[in-house]
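A quick write-up on the structure given underneath.
The values are calculated or read from the model by the stated rules, or taken from the named source; none is laboratory data. This is a predicted model, so every value here is computed, not measured. Neighbour counts run over all protein chains shown; Cβ positions are idealised from the backbone, glycine included.
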Amino acid sequence: MTGRLRGLLKGAIGPHANDSRYLLDVHRRDLPGQDTMARYEESEEVDLCIVGAGAGGSVLAQRLARRGWRVVIIEAGPFWHPDEDWVSDEAGSHELYWTQERVIGGEDPIELGKNNSGRGVGGSMVHYAGYCPRFHPSDFETETRDGVGADWPISYRDLKAHYEEVERELPVAGQDWPWGDPHRYPFSPHPIGGAAAVLWQGAIKQGIEMRVGPVGIVNGTFGNRPHCIYRGFCLQGCKVNAKASPYVTHLPDALAHGVEIRADSMAVRVEINDANGQATGVTYVRDGERTERQQRARMVAIAGYSIETPRLLLHSTSTRFPNGLGNNEDQVGRYVMVQGATQAAGRFPDELRMYKGPPPEVSSEQFYETDESRGFARGFSIQTVSPQPIGWAEHVLADGHWGGALREYMRDYNHWSTIGVLNELLPDPENRVTLAQDSDPYGMPVARFDYSRSENDKANMAYSKEILNGILHAAGAQDILTIQRYAHLVGGARMGRTPEDSVVNSDHRIWGVPNVFVADGSVCPTQGSANPALTIMALASRLAERLASRNTG
Amino acid sequence: MAAERDLRTPRHLPNLRPGRQPPHPSWLPRQRVGTTPQMIGRYPDYDVLASADTWDPATREVVTERLREHGPLRFFTTEEEPTLRAFCDVATAQDSDPRIPVAEMVDDKLAAGRLDGYRYAGMPRDPDAWRLVLRGLDETARARYGRAGFAACDPQAREAIIGALAEGLLSGGAWDELDVSRAFSVCMRAILEAFYSHPWAWNEIGYGGPAYPLGYMRLGPLAVREPRERRGASAEDPVRAVEELQP
Ligand SMILES: Cc1cc2nc3c(=O)[nH]c(=O)nc-3n(C[C@H](O)[C@H](O)[C@H](O)COP(=O)(O)OP(=O)(O)OC[C@H]3O[C@@H](n4cnc5c(N)ncnc54)[C@H](O)[C@@H]3O)c2cc1C
Ligand code: SF4
């Protein structure tokens, strides 16, 4: 298709095999089909039992259900009823997050909770910001190109068609993208607010290219999903249905094709038949019950996020896998990555009211690739963000203010605009999820996550902070407040070419087990400096294709 | 006009002032509609609650519930209560009524067992960390200032103790059972979440608040205020106001 024709067709080409957008109700936000959802007997051997109804698990379920597979998803959190359960309020959104106990350690402990993972049907994307960039082709071969990180056993080419299809399903809106593998988006860019415009001007003065988007937010007509109303509560769950999450993009179609979601159910073990080494199903505990239940399945896929997936594997011990499923080479839980996510805010003479409009607006990948003159390998991306008041208070506190000084900065909220980076921090085997001493109410040991940065990571973060300061100064900021933070966990069950240095093969299958797969961000060997959700969905989409064609290795 | 011009300058911002200290809030007028903590009027004619009838019912319920009268504390003991209140007051600079009931809101969170989803290795659970911090504040007040407890200290002493807590500079007694600066961040997390979830604080900072199903239309750069939002105001030059306050 020529570029011009594609431009004319913006918003007109829908996804090929996903009716979610038509199944949604224009006036109600409930997931259509919950009442008429298929139910499978626990004793019935379904084709696939998936742990986790998040980004990875939902796409996998939707794809395979369309091919006639009988699929059950076990989901720890609730089945949302957004009209009643979600609120246009920061503190009131506490229930969306994974707030069960976890222990954090290492030299640079990573704060979890609202910052990192969700719990409930739809997973973390229910309250993710909405940025949907692709990984760059270089991300799949950082070891070969830059001598750091790892090479994936698959390449960008393997994912490209899946990226395109998922971008149509979300749908992604943004300007034509000049970085990585240059591409266009199915929907036009959203208008941007004054707060983001100020920052963009600063970037232009610094010679930094930025583009509007890419965001998974409806801009125009998309089935029964409304246009964004620029209310700015993307991180609290979109009550409008404008922002993409599996709850609106894949689960309606999945339910329509016979998927059962068993909510309020915590998977505690994958069962292995010691005679033949095959998984027989998943053991789980329902909220309010004491006895364990078991769902039998021909295949099992784990998609519980980079903390819970390793935790579940480590807890699934058997004679063949005394140290946890897939952990005979001591690889499970290693190489967990986060992105550096420093944010800097600038003060401007006029009111900007950054709380309006979706937090994700304008971004740049100009610094994504290695540039030896910077003195470190790999790079970072730049994105506008916009904290609501509690987030802004944490930002002010991080700059060392409390009491009267904090109140003064808080009263000045409407004059500030915030920009952040995402640094590609490198994978390290010691950055690891293990089981802690304490147990949760299900009797399962809680996860402990240790994290420390390398010298390369520190150099990357220090350099990118100066770039942010440069943008803010050029934009005319009168004062700057900075918070150092982290975001986006991936890794922990990475894919590779040999069992000695990975947990799954290029088809996400756990080494040494014929029928257990990992279907979330845990499989990523590197993370680039792109937000991961789109890639997680594209990977699950590819996995579904491989499983359906039984081409799996 | 004068008011608008004042707010274009950043002279009131702590980083740009000696000792990173803010001006006394009396440089701002008194709130004229609705309520703000201590009635500080940075947006003197703005009351977010005036648009509560446009919010969806679920949100309205969650937000207006924060305005209700609170009963006695459930998690903290009567011995801990004065220290808790004094700590919350200093941390959020609430030196007079009307106050946002931060102590009650923190107590509510801990009594309900709401966790944040992580705990630093080597740190006790959040509820235990809170109790240790309150004990530590009293111990420091006794050791350094010879007072019966933190709440009995004068405002300067309280601020000095919290400053030392923020810097991680306290040791001995309860402090040795904690990582002191992490403990400060655990407490501040809960305190700030309470304070800035309260609609009175939204009035103070001029925040538009819940916006469903209404949404926002005036995103800037030309127009930034919806009809329901109000401009900020200040009648005085903060530099002069503070010079006058100083003896
Ligand atoms: C505040 C925030 C902002 C973000 N912003 C962006 C962004 O702008 N762009 C972007 O690309 N990404 C963003 N992310 C990250 C993105 O949301 C996640 O990377 C992505 O959703 C992870 O997908 P997943 O499939 O690995 O896990 P999830 O989507 O988290 O799904 C895992 C699911 O499994 C369930 N589960 C876990 N363990 C069990 C168990 N034992 N039994 C049963 N169920 C279980 C969980 O409850 C959860 O629902 C953001 C995240 C947050 C928190
Ligand atoms: S800004 Fe748009 S996408 Fe974000 S929550 Fe509001 S309506 Fe949804």
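Take the residues in segment B:52-62 that are out of contact with any Lys or Arg (no Cβ under 7 Å at 6 or more places or on another chain) and more than 8 Å from chain A (Cβ to nearest Cβ), then tell me which one is surrounded by the most Cβ atoms within 10 Å (Cβ to Cβ).
Ranking the qualifying residues of segment B:52-62, first place goes to B:R60.
Just to be sure before I move on: is A:G232 within 16 Å of ligand 2 (Cβ to nearest atom) and on the phi > 0 side of the Ramachandran plot in the structure I sent?
Yes: the conditions hold for A:G232.
Which count do you get for residues in segment A:383-432 that are assigned to a strand (DSSP E or B), among the aliphatic types (A, V, I, L, M) and touching an Asp or Glu at 6+ places or on another chain (Cβ under 8 Å)?
Step one: list which residues in segment A:383-432 are assigned to a strand (DSSP E or B), which gives A:383-385, A:416-423, A:432.
Going one step further and asking which of them are among the aliphatic types (A, V, I, L, M), we end up with A:385, A:419, A:421-422.
Those still in the list that are touching an Asp or Glu at 6+ places or on another chain (Cβ under 8 Å) too: none.
Of the residues in segment A:383-432, 0 are assigned to a strand (DSSP E or B), among the aliphatic types (A, V, I, L, M) and touching an Asp or Glu at 6+ places or on another chain (Cβ under 8 Å).
Check segment B:7-14 and report whether any residue there is assigned by TED's automatic domain parsing to the domain that holds B:W202 and of a type in the set (A, V, I, L, M, F, W, C). Give the derivation first.
Going through segment B:7-14, the residues assigned by TED's automatic domain parsing to the domain that holds B:W202 turn out to be B:7-14.
Next, only the ones that are of a type in the set (A, V, I, L, M, F, W, C) stay: B:7, B:13.
The answer is yes, given that some residue of segment B:7-14 is assigned by TED's automatic domain parsing to the domain that holds B:W202 and of a type in the set (A, V, I, L, M, F, W, C).
Just need a number here: residues in segment A:27-49 that are closer than 22 Å to A:S549 by Cβ and either within 16 Å of ligand 2 (Cβ to nearest atom) or in contact with an Asp or Glu (Cβ under 9 Å, 6 or more places away or on another chain) (or both).
Total satisfying the criteria: 1.
Say we look at segment A:384-394 and pick out the residues that are within 23 Å of B:E159 (Cα to Cα) and surrounded by fewer than 24 Cβ atoms within 10 Å (Cβ to Cβ); which of these is nearest to the other protein chains (Cβ to nearest Cβ)?
Within segment A:384-394, the first condition is being within 23 Å of B:E159 (Cα to Cα), and the residues that meet it are A:390, A:392-394.
From what is left, the residues that are surrounded by fewer than 24 Cβ atoms within 10 Å (Cβ to Cβ) are A:390, A:394.
Numbers: A:I390: 5, A:E394: 7 Å.
Per the criteria, the residue is A:I390.
Looking only at segment B:40-51, filter to residues that are away from every other protein chain (no Cβ under 13 Å) and of a type outside the set (D, E, K, R); which one of those is surrounded by the fewest Cβ atoms within 10 Å (Cβ to Cβ)?
Top of the filtered list is B:A50.
Which one of the conditions (1) over 25 Å from A:S541 (Cβ atoms); (2) more than 13 Å from every other protein chain (Cβ to nearest Cβ) does A:R231 fail to meet, given that it meets all the rest?
All conditions pass for A:R231, except number (2).
Among all residue pairs at least 6 apart or on different chains, which show Cβ distances below 9 Å where the first residue, located in segment B:4-33, is touching a residue at least 12 places away in the same chain (Cβ under 8 Å) and within 26 Å of A:G476 (Cβ to Cβ) and the second is assigned to a helix (DSSP H, G or I) and basic (K, R)?
Note: pairs meeting the criteria are B:H12/A:R411; B:W27/B:R240; B:L28/A:R411.
Which count do you get for residues in segment A:396-415 that are crowded, with 22+ Cβ neighbours inside 10 Å, under 27 Å from the mean Cα position of the chain (by Cα) and more than 7 Å from chain B (Cβ to nearest Cβ)?
Here the count works out to 1.
Filter segment B:113-135 down to residues that are closer than 30 Å to B:T36 by Cβ and in contact with a Lys or Arg (Cβ under 9 Å, 6 or more places away or on another chain) and give me whichever is nearest to the other protein chains (Cβ to nearest Cβ).
Looking only at segment B:113-135, we keep the residues that are closer than 30 Å to B:T36 by Cβ, and these are B:114, B:116, B:126, B:130, B:133-134.
Still in the list and also in contact with a Lys or Arg (Cβ under 9 Å, 6 or more places away or on another chain): B:116, B:126.
Numbers: B:D116: 5, B:D126: 10 Å.
Out of the qualifying residues, it is B:D116.
Please enumerate the residues belonging to segment A:325-376 that are closer than 30 Å to A:V513 by Cα, within 16 Å of ligand 1 (Cβ to nearest atom) and over 19 Å from the mean Cα position of the chain (by Cα).
A:L325, A:G326, A:V332
Scan segment A:60-83 for residues that are away from ligand 2 (no atom under 16 Å from the Cβ), in a helix (DSSP H, G or I) and over 22 Å from A:R293 (Cα atoms) and report the count.
Of the residues in segment A:60-83, 6 are away from ligand 2 (no atom under 16 Å from the Cβ), in a helix (DSSP H, G or I) and over 22 Å from A:R293 (Cα atoms).
With the structure loaded, tell me whether A:Q100 is more than 16 Å from ligand 2 (Cβ to nearest atom) and in a loop (DSSP other than H, G, I, E, B) or whether it fails that test.
Judged against the criteria, A:Q100 is a match.
In segment A:339-361, which residues are farther than 23 Å from A:A459 by Cα and away from chain B (no Cβ under 13 Å)?
A:P360
Quick check on segment A:223-234. Is at least one of its residues farther than 30 Å from A:H94 by Cβ and more than 22 Å from the chain's Cα centre (by Cα)?
There is at least one residue in segment A:223-234 that is farther than 30 Å from A:H94 by Cβ and more than 22 Å from the chain's Cα centre (by Cα).
Exactly one of these conditions fails for A:R66: (1) modelled with pLDDT of 95 or more; (2) under 22 Å from the mean Cα position of the chain (by Cα). Give me its number.
For A:R66, the exception is condition (2).
With B:G146, B:G206, B:G173 as the choices, which residue is within 18 Å of the chain's Cα centre (by Cα), of a type outside the set (F, W, Y) and away from ligand 2 (no atom under 16 Å from the Cβ)? Working first, answer last.
On the way: B:G146 fails: within 18 Å of the chain's Cα centre (by Cα); B:G173 fails: within 18 Å of the chain's Cα centre (by Cα).
Result of the check over B:G146, B:G206, B:G173: B:G206.
Restricting attention to segment A:122-144, and to residues there that are outside any helix (DSSP H, G or I) and of a type in the set (F, W, Y), which single residue is farthest from ligand 2 (Cβ to nearest atom)? Can you show your working first?
Initial filter on segment A:122-144 (outside any helix (DSSP H, G or I)): A:122, A:128-136, A:141.
Cutting the leftovers down to of a type in the set (F, W, Y) gives us A:128, A:131, A:135.
Values: A:Y128: 11, A:Y131: 12, A:F135: 23 Å.
The residue in question is A:F135.
Among the residues of segment B:7-38 satisfying the criterion of being in contact with an Asp or Glu (Cβ under 9 Å, 6 or more places away or on another chain) and more than 11 Å from chain A (Cβ to nearest Cβ), which is farthest from A:R29 (Cα to Cα)?
Selected residue: B:S26.
With (1) surrounded by fewer than 20 Cβ atoms within 10 Å (Cβ to Cβ); (2) within 16 Å of ligand 1 (Cβ to nearest atom); (3) among the hydroxyl-bearing types (S, T, Y) as the list, and A:T36 as the residue in question, which single condition is left unmet?
If we test A:T36 against (1) surrounded by fewer than 20 Cβ atoms within 10 Å (Cβ to Cβ); (2) within 16 Å of ligand 1 (Cβ to nearest atom); (3) among the hydroxyl-bearing types (S, T, Y), just (2) comes out false.
Write out, first by first residue and then by second, each pair whose Cβ atoms fall under 8 Å of each other, whose residues are 6+ apart or on separate chains, and whose first residue, in segment B:81-103, is away from chain A (no Cβ under 11 Å) while the second is surrounded by 20 or more Cβ atoms within 10 Å (Cβ to Cβ) and of a type in the set (K, R).
Short answer, once both residue conditions are applied: B:A86/B:R158; B:A103/B:R85.
Could we say that A:G237 is within 14 Å of chain B (Cβ to nearest Cβ) and more than 14 Å from ligand 2 (Cβ to nearest atom) here?
no
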